[in-house]
Structure formats: C-alpha cells, structure tokens
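The values are calculated or read from the model by the stated rules, or taken from the named source; none is laboratory data. Note that the coordinates shown come from a computational prediction; the quantities given were computed from them, not determined experimentally. No Cβ is skipped: glycine too gets one built from the backbone with ideal geometry, and neighbour counts run over all protein chains shown. SASA here: full protein model, heavy atoms, side chains in, ligands and nucleic acids out. Shrake-Rupley method; radii C 1.70, N 1.55, O 1.52, S 1.80 Å.
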Amino acid sequence: MTAPPVFDARGLSKRFHMGQATVEALRGVDLQVSAGEVLVVAGPSGSGKSTLLHLLGTLDEPDAGALTIDGTPASSMGEAERTAFRRIRLGFVFQTFNLLPVLSAQENVELPLWLAGVSSGERRRRAHEALAEVGLGARRGHRPDQLSGGERQRVAIARALVHRPLAVLADEPTGNLDSGTAAEVMELLMSLNRAHGTVFVIATHDAALIARAPRRVALHDGRVASDERKASA
Ligand SMILES: Nc1ncnc2c1ncn2[C@@H]1O[C@H](COP(=O)(O)OP(=O)(O)OP(=O)(O)O)[C@@H](O)[C@H]1O
Ligand SMILES: [Mg+2]
C-alpha cells in the first residue's frame, strides 16, 4: 500500500472580508505533497502564499475545499485535536525568526518538547543534538540578541525540527537574510530533508531559493499557475 500524501489539498479557497470589500486570497488550490518532498511556493506579493501555508499548517481553516494531512482530514479534527496535531506533527519557520528574546538558543529549541511534555533531561539532549545539527553547538547559551540573523534562523530551524515533525512550513525563511546566508539556509534545509525525510514547504520570493528547489509551485491571484519539478529531482 502506498503512503498517503503528506498534504492533499483539493479546491482550497479562502476569502477575507475587510469592511465592505472581500479579498479572494485562494481560489480553488489543488496541491499534493508526497513524503520527503521539498517545494517552494512562489508568486507575487498578495498571490496567497502565506494564506496557503496557514491552511496547510492548520493555523486557519478554508472556506471551501478539503485538506488531508497524512491521511487525516483536517476538518475532522476539533480545535484541541488540531492544536495537538500541529505541535506533534508540524514545524514552523518564519521570516522574523519568532524566537523568545529572554531565552537562550537551547531554551528556545526546547520549547516544542516542553509543550509536548518531554522530560527535562531528554529535552536538553535533543535540543543539543538539534543545535549541533544546524552548526550551533557552540552557541547554545546565547540569547537571540547575541546571535547574527543567519544564526537566529538556524536556531528557529532547530526549534522547528527538534520534535521530528512530518513537515515544516517556512514562510519567507530567508526574507531577512543576505543572499549568501540565504543560500546557506536553503542548503541546510535540503540537508535536513535528506537526513530525516522531513517535508519542507517554503513560501519565498527569493530567486536563489526558487532555483535550488526540487519542486516549484507558482501562485497567481490565489490559483496555482504552474507546478514544476526539476528534471534531476
Ligand atoms: N488576515 C487577513 N485579512 C484580510 N486580508 C488578508 C489577510 N491575510 C491575507 N489577506 C489578503 O489575502 C491576499 C493574499 O495574502 P497572502 O498574505 O497570502 O499573500 P502572499 O503571497 O503571502 O504575499 P507576500 O509575498 O506579500 O507575503 C492579499 O490580498 C492579502 O491582502
Ligand atoms: Mg506572505
């Protein structure tokens, strides 16, 4: 039996109401993402990239269409179940890193494990391992303001992966980084994908990231305009 797609989105639509005006952010998006895939979601500003990531991450619900994650229909889960599912099975990386400023790198990475009820010794061990894997073993005790932008994003990536999620959703993960650091972050995501099989769905404008991605889905006005895989991937 073949494994179900990690994400199976059918006809996802999302609209936002702003006073009298209605914005059709997504208009019937179909997207299947298989185990082990890395894909970028590209497209102009306002094309629906962040909205799509929010829906895939169960942070928001569609107005129409259906989403199944690893065989489970998202609509079948209640709010509490969805929160638990998100904490255990998914990871998130944001443009602004979203690290807690008063916590060390180590403590930031331990947070998802703490939420999942992992014991303190095990939390420490796994956070060490995750930080070593992103090349920050020597920076464990630093707070975010004592780290460079690229290092902060590595901490955020370690935090997104420490609980070994099925998939990580990254919204403009290199938006605040220079092009060299952005390329390093993309290489890191690709190597973590090879090591653990984690699915990465990356929303980005960054041409260098788009060029390196094995699969590119372009959105235009809330619709999938193209979906291409690299010949070698
Ligand atoms: N919470 C919201 N309330 C009202 N409108 C929204 C909301 N979120 C998104 N939109 C609108 O939906 C459309 C898609 O927005 P979205 O943030 O998904 O675009 P995006 O492709 O991520 O853009 P960017 O590249 O600028 O991040 C836009 O027109 C936006 O203004
Ligand atoms: Mg966006």
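If you restrict to DSSP beta bridges whose two residues both lie in the chain, what percentage is antiparallel, to the nearest 5?
Values: 23 of 41 bridges.
Bridges in the chain that DSSP calls antiparallel: roughly 55 percent.
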Name the shape class, rounded, prolate or oblate, that the alpha-carbon gyration tensor gives for the stretch 1-84, where a ≥ b ≥ c are the square roots of its eigenvalues, rounded holds for a/c under 1.5, and otherwise prolate holds if a/b is larger than b/c and oblate otherwise.
oblate
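Among rounded, prolate and oblate, which fits the stretch 167-233 when a ≥ b ≥ c are the square roots of the eigenvalues of its C-alpha gyration tensor, a/c under 1.5 means rounded, and a/b larger than b/c means prolate? Don't skip to the answer; put the middle values down first.
On the way: a/c = 1.60, a/b = 1.19, b/c = 1.34.
Note, shape of the stretch 167-233 comes out oblate.
Using only helices, what value at 222 nm comes out for the chain when you add -39,500 (n - 2.57) per DSSP H run of length 4 or more and divide by the total residues, to the nearest 500 deg cm²/dmol?
The helix-only estimate for the chain comes to -10500 deg cm²/dmol at 222 nm.
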Can you list residues from other chains, or at least 5 along the same chain, whose modelled amide H is less than 5 Å from the amide H of residue 224?
30
What FRET efficiency comes out for residue 64 versus residue 84 if R0 is 25 angstrom and r is the Cβ-Cβ distance? Round to the nearest 0.05.
0.45
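On the protein heavy atoms, probe 1.4 angstrom, tell me the percent of accessible surface of the chain carried by carbon and sulfur.
Values: 5530 of 10930 Å².
Accessible surface attributable to carbon and sulfur in the chain totals 51 percent.
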Give me the 1.4 Å probe accessible area per residue for the stretch 98-202, excluding ligands and nucleic acids, in Å².
42 Å²
Two-site FRET efficiency, residue 225 against residue 143, from Cβ-Cβ distance with R₀ of 35 Å, rounded to 0.05
0.25
Could you tell me the calculated FRET efficiency between residue 187 and residue 20, based on Cβ-Cβ distance and R0 = 30 angstrom, to the nearest 0.05?
0.05
Give me, ordered by chain and number, the residues 5 or more places off residue 202 or on other chains with an amide H under 5 Å from its own placed amide H.
39, 40, 41, 170
If a/c stays under 1.5 just call it rounded; otherwise compare a/b with b/c (prolate if a/b is bigger, oblate if not). Do that for the stretch 47-113, with a ≥ b ≥ c from the square roots of the Cα gyration tensor eigenvalues.
oblate
Name the residues whose placed amide hydrogens come within less than 5 Å of the amide hydrogen of residue 25, ignoring near sequence neighbours (fewer than 5 apart) on the same chain.
14, 15, 16
